[in-house]
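*Asks:* Sharing a structure below in structure tokens format, with a few things to ask.
The values are calculated or read from the model by the stated rules, or taken from the named source; none is laboratory data. This structure is a prediction, so every number in the text was calculated from the model and none was measured. A quick note on method: Cβ atoms are made from the backbone with ideal geometry, for glycine too, and the neighbour counts reach across all protein chains shown.
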Amino acid sequence: MTSVLARVDDDLALHVPQFFCCNCGEAEDIRPVTTPLSKSHGWKPDGRFAFQIELPYCKRCVRSATQAPVGSIKKTLVSAILSVSAGMVAMITPLPSVVGAWAFFLVAVPVFAMIFGSYALQKPRGKQTSYQQPVRIVHVKRRAPGKVEALTLAFSHARYAQTFASANREEVERGVLEVEGG
Ligand SMILES: [Zn+2]
């Protein structure tokens, strides 16, 4: 299997080369894995653009296919909600009888730091170029839903980006596809 097709919309289908892992470059034991991509455009009703692409992954990188990037707002919110919950739990333990209202902060603050910090530990391993999905939609321009005029994809693996661009040379030359990488 050298390449599969990814349907982006009614008129646009992209060739997806299957020669090596799109995250780390490993060529042994690779398999196509459905990688859901999406990009939202503010609050417009047709603002969300999504498609799936069967990218090649090695055994170690399979998990990154579905690991959507987490924004800093979401990281802060998740950390805040969990730390406030932990602080409230601390208030019903015997701790407040010792330290009073400080019990809330004594528990909530370390929990916040721990969860927020755990996001920072999510780093790629070995030759991996990304802990999260090794591809993302940078930009999409649509005439109407299902009619993509221009699509920009960014790959974290530079050589895969080049391979992808040459597999879709025609689309790149037409200006429908732009590939960033590395
Ligand atoms: Zn890999």
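*Asks:* Please find, within the stretch 145-163, the residue that is farthest from residue 24 (Cα to Cα) out of those that are assigned to a strand (DSSP E or B) and more than 16 Å from the ligand (Cβ to nearest atom).
*Replies:* To start, the set of residues in the stretch 145-163 that are assigned to a strand (DSSP E or B) comprises 147-155.
Still in the list and also more than 16 Å from the ligand (Cβ to nearest atom): 147-154.
Numbers: 147: 32, 148: 29, 149: 30, 150: 27, 151: 24, 152: 21, 153: 18, 154: 15 Å.
Among residues in the stretch 145-163 that are assigned to a strand (DSSP E or B) and more than 16 Å from the ligand (Cβ to nearest atom), the one farthest from residue 24 (Cα to Cα) is 147.
*Asks:* I'd like the full set of residues that are within 16 Å of the chain's Cα centre (by Cα), of a type outside the set (A, V, I, L, M) and not in a loop (DSSP other than H, G, I, E, B), limited to the stretch 94-140.
*Replies:* Selection gives 119, 136, 139.
*Asks:* Just wondering, is there one or more residues in the stretch 81-93 that are exposed (fewer than 12 other Cβ atoms within 10 Å of the Cβ) and outside any helix (DSSP H, G or I)?
*Replies:* The answer is yes, given that some residue of the stretch 81-93 is exposed (fewer than 12 other Cβ atoms within 10 Å of the Cβ) and outside any helix (DSSP H, G or I).
*Asks:* Pick from 142, 136: which is in the same structural domain as residue 51 (by TED's automatic domain parsing), touching a strand residue (DSSP E or B) at 6+ places or on another chain (Cβ under 6 Å) and over 27 Å from residue 24 (Cα atoms)?
*Replies:* Numbers: 136 fails: over 27 Å from residue 24 (Cα atoms).
Sole residue among the options that is in the same structural domain as residue 51 (by TED's automatic domain parsing), touching a strand residue (DSSP E or B) at 6+ places or on another chain (Cβ under 6 Å) and over 27 Å from residue 24 (Cα atoms): 142.
*Asks:* Look at the stretch 130-182 and say how many of its residues are free of Cβ contacts under 8 Å to residues at least 60 places away in the same chain and in contact with a Lys or Arg (Cβ under 7 Å, 6 or more places away or on another chain).
*Replies:* 3
*Asks:* Can you tell me which residues in the stretch 40-62 are buried (at least 19 other Cβ atoms within 10 Å of the Cβ), at pLDDT 95 or above and outside any loop (DSSP other than H, G, I, E, B)?
*Replies:* Selection gives 53, 55, 56, 57.
*Asks:* Would a scan of the stretch 19-39 turn up a residue that is in contact with a His (Cβ under 9 Å, 6 or more places away or on another chain) and modelled with pLDDT under 95? Full working, then the answer.
*Replies:* Residues of the stretch 19-39 that are in contact with a His (Cβ under 9 Å, 6 or more places away or on another chain), as a first pass: 20-25, 39.
Then keep just the ones that are modelled with pLDDT under 95; that gives 39.
Scanning the stretch 19-39, I find at least one residue that is in contact with a His (Cβ under 9 Å, 6 or more places away or on another chain) and modelled with pLDDT under 95, so the answer is yes.
*Asks:* May I ask you to list the residues in the stretch 14-70 that are without any contact (Cβ under 8 Å) to a residue 40 or more places away in the chain, within 11 Å of the ligand (Cβ to nearest atom) and of a type in the set (Phe, Trp, Tyr)?
*Replies:* 57
*Asks:* Given the structure, is residue 19 part of a loop (DSSP other than H, G, I, E, B) and more than 26 Å from residue 119 (Cβ to Cβ)? Steps first, answer last, please.
*Replies:* Working: part of a loop (DSSP other than H, G, I, E, B): yes; more than 26 Å from residue 119 (Cβ to Cβ): yes.
Taking the combined requirement at face value, the residue satisfies it.
*Asks:* Would you confirm, using the coordinates I've provided, whether residue 96 is within 16 Å of the ligand (Cβ to nearest atom) and either touching a helix residue (DSSP H, G or I) at 6+ places or on another chain (Cβ under 7 Å) or free of Cβ contacts under 8 Å to residues at least 60 places away in the same chain (or both)?
*Replies:* Details: within 16 Å of the ligand (Cβ to nearest atom): no; either touching a helix residue (DSSP H, G or I) at 6+ places or on another chain (Cβ under 7 Å) or free of Cβ contacts under 8 Å to residues at least 60 places away in the same chain (or both): yes.
Considered against the rule, which asks whether it is within 16 Å of the ligand (Cβ to nearest atom) and either touching a helix residue (DSSP H, G or I) at 6+ places or on another chain (Cβ under 7 Å) or free of Cβ contacts under 8 Å to residues at least 60 places away in the same chain (or both), residue 96 comes out as no.
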